[in-house]
C-alpha cells in the first residue's frame, strides 16, 4: 500500500488553564505551525470559545489536509491533530507548547497513513518514548 501522508496527534498536559481559554494564544500557535511547516490554508480558520470553564476548539482546512486544536482548561490539557499528505519536517511541539501553554509534559504520536505498517509511534520529545501497534495499551502509553 502507498503512503498517503502523516498524522501527528499531540497531547500537552498540565497547561495553564488561562492560556487554554485564550483564542489568540491558540491561534498564534497554529499560525506558527502553518508558517514553520510551509502549509497552505484554504479559506478562513474556524474558532469556537466555549463558556467558562470550557476551552477553545480551532480548525484549519489545509491544501495538505487539516490542523485541529482542542483545549480543556478544567483538566489542563491541549490536544492538536495535524494531517499532511506531503512529507513535512519535525516541528518542535514540546518546546513550543511548554513555552506557550506552560505544559509540563508533551506527547507526540504519529502515524504514516496508507502505509503497510499499522504502527503508531510515540515521540515524547524527552517526555516519553514508546512504540506500539495501533490503539493498543502500549500505543497509548505516555499519552
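The values are calculated or read from the model by the stated rules, or taken from the named source; none is laboratory data. Remember, it's a predicted structure, so these values are computed and weren't measured experimentally. Don't worry about glycine lacking a Cβ; one is built from the backbone with ideal geometry, like all the others, and counts go over all protein chains shown.
Considering (1) within 20 Å of residue 26 (Cβ to Cβ); (2) at pLDDT 80 or above; (3) outside any strand (DSSP E or B); (4) in contact with a strand residue (DSSP E or B) (Cβ under 9 Å, 6 or more places away or on another chain), the lone condition that residue 67 does not fulfil carries the number (3).
Residues of region 78-89 that are under 20 Å from residue 4 (Cβ atoms) and in contact with a strand residue (DSSP E or B) (Cβ under 8 Å, 6 or more places away or on another chain): 81, 82, 83, 84, 85, 86, 87, 88.
Scanning region 112-122 for any residue that is surrounded by fewer than 18 Cβ atoms within 10 Å (Cβ to Cβ), modelled with pLDDT of 95 or more and either closer than 15 Å to residue 29 by Cβ or under 15 Å from the mean Cα position of the chain (by Cα) (or both) turns up nothing.
Could you list, in sequence order, all residues of region 39-56 that are farther than 27 Å from residue 76 by Cβ, surrounded by 10 or more Cβ atoms within 10 Å (Cβ to Cβ) and without any contact (Cβ under 8 Å) to a residue 24 or more places away in the chain? If the condition is that a residue be farther than 27 Å from residue 76 by Cβ, surrounded by 10 or more Cβ atoms within 10 Å (Cβ to Cβ) and without any contact (Cβ under 8 Å) to a residue 24 or more places away in the chain, then 41, 42 are the ones that fit.
Give me the pairs: first residue in region 76-100 and at positive phi and in contact (Cβ under 8 Å) with a residue 40 or more places away in the chain, second residue assigned to a strand (DSSP E or B) and surrounded by 15 or more Cβ atoms within 10 Å (Cβ to Cβ), beta-carbon distance under 9 Å, and six or more apart or on different chains, which are they? Hits for this filter: 76/12; 76/13. When region 68-100 is limited to residues that are in contact with a helix residue (DSSP H, G or I) (Cβ under 6 Å, 6 or more places away or on another chain) and closer than 17 Å to residue 45 by Cα, the one that is surrounded by the most Cβ atoms within 10 Å (Cβ to Cβ) turns out to be 71.
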